[in-house]
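Structure first, then comments.
Quick note: the coordinates plus some simple rules give every number you see, no bench work behind them. Since this is a predicted model, take the numbers as computed values, not measurements. Cβ sites come from the backbone with ideal geometry, for glycine too, and all protein chains shown count toward neighbours.
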Amino acid sequence: MRKLFLTISFFSFLLPAVAQMEFGYDDKDAFSPHSIRPIRRADVMYNNTVWIRMDLREKQNEPFFAANSEITKIIIDAVKAGVLRPYKNDSLVTRMSIQEFNENLKIPGADEGLSDEDLAMGFGGDDFGGGDDWGGGDWGTEGGAEEDAGPEEFFAKDIRIIELKENRMFDRKRARMYYDIQSIRLIIPGDLYPTGIDKPLATFSYKELVSNVFVDNPAAVWYNSKNTAENKNLADAFELRQFTGKIVKYSNPKDAVIDDIYKGNLKLGLAKSQEYEHKLLEYESDLWSN
């Protein structure tokens, strides 16, 4: 019996490793360790990375931005609850501190209008009241995800721009194209600043968002206004490509955005963005036909 138990235990340990080799889930061999469904580097026949700008006010994107269930609120609440940590940029290498996140979230000059009494009460501070510098706490606990923006912070509904970084790759083993979201960046629109320049709030690993924030979270809802029985989880909505957006950058040696490539000509930049999208679709079609 003991010998049988040891044999079963050995194979139970071995199977996950075999599965990783078979399906390409070993991070060491994966094309990207930040993928929800990693693909082995050796199986990637083609890849191009694109950056997609989503305006959450657009009609197709409105279900991501329903009142009190805004995707930006879900993400900010997760940071405040201590269950999600942001990155400084979409390379997903350097984490952002909670102090920097709070500073980015502040309305410019908001502290100037606070009295000494307000500041003493904590309205101008950076502490969310947790046990460590990330707030601690769990979903739904007092002082955690239920909190709204502080008096000196932008509201979640103000942060209406999202930028997705996505690998578009063809897997030669499975003979199909994958749209592999790597990161999501929250952007505070420039019309809320005197300079008129957009300001990134923070960047998040899409893989961490799905596993730590979206899945099994009843608040992470893509809202179906025509039939609320068909509301979806945000992870499912992204998987089903229920969003629309403009490609603002694609992989290039200068790491330049499309508008910069075409010298700030916004009309030409939009046309070239659409043209590039069509070329990707045409390339995918050609791969299928061959």
Original post:
Can you list the residues, at least 5 places off or on another chain, whose amide H is less than 5 Å from the amide H of LEU201, using H built in the peptide plane?
Top reply: LEU186, ILE187, ILE188
Original post:
Mind listing the phi-derived Karplus ³J(HN,Hα) values for the range 80-96, rounded to whole Hz, using 6.51, -1.76 and 1.60 with θ = phi - 60°, and x for any glycine or proline?
Top reply: 5, 7, x, 9, 8, 10, x, 10, 6, 8, 7, 6, 6, 10, 9, 6, 9
Original post:
What is the extension gain from ASP158 to TYR46, computed as 0.36 nm multiplied by their sequence separation minus the C-alpha to C-alpha distance, in nm to one decimal?
Top reply: 36.6 nm
**OP:** List, in the order given, every pair from LYS165/LYS254; LYS173/LYS279; LYS28/LYS207; LYS59/LYS226 whose Cα-Cα distance in the structure shown is over 19 Å.
**Re:** LYS173/LYS279
Subject >> Counted charge near ASN233, where neighbours are those whose Cβ lies closer than 13 Å (Asp, Glu -1; Lys, Arg +1) >> reply: -3
**OP:** Enumerate the amide H contacts of SER32 below 5 Å, restricted to partners 5 or more residues apart or on another chain; note that Pro and chain-start residues carry no placed amide H.
**Re:** ILE39
**OP:** Would you mind computing, in nm to one decimal, how far apart the modelled labels at ILE197 and TYR223 are, each placed 7 Å from Cα along Cα→Cβ?
**Re:** 3.4
Original post:
If you count, for each residue, the other Cβ atoms within 10 Å and average over each peptide, how do 234-242, 79-87 line up from highest to lowest?
Top reply: 79-87, 234-242
Original post:
Got a sec to turn the phi values of the range 44-55 into Karplus ³J(HN,Hα) couplings, 6.51 cos²θ - 1.76 cosθ + 1.60 with θ = phi - 60°, whole Hz, x for Gly and Pro?
Top reply: 7, 7, 8, 8, 9, 9, 10, 10, 10, 9, 9, 9
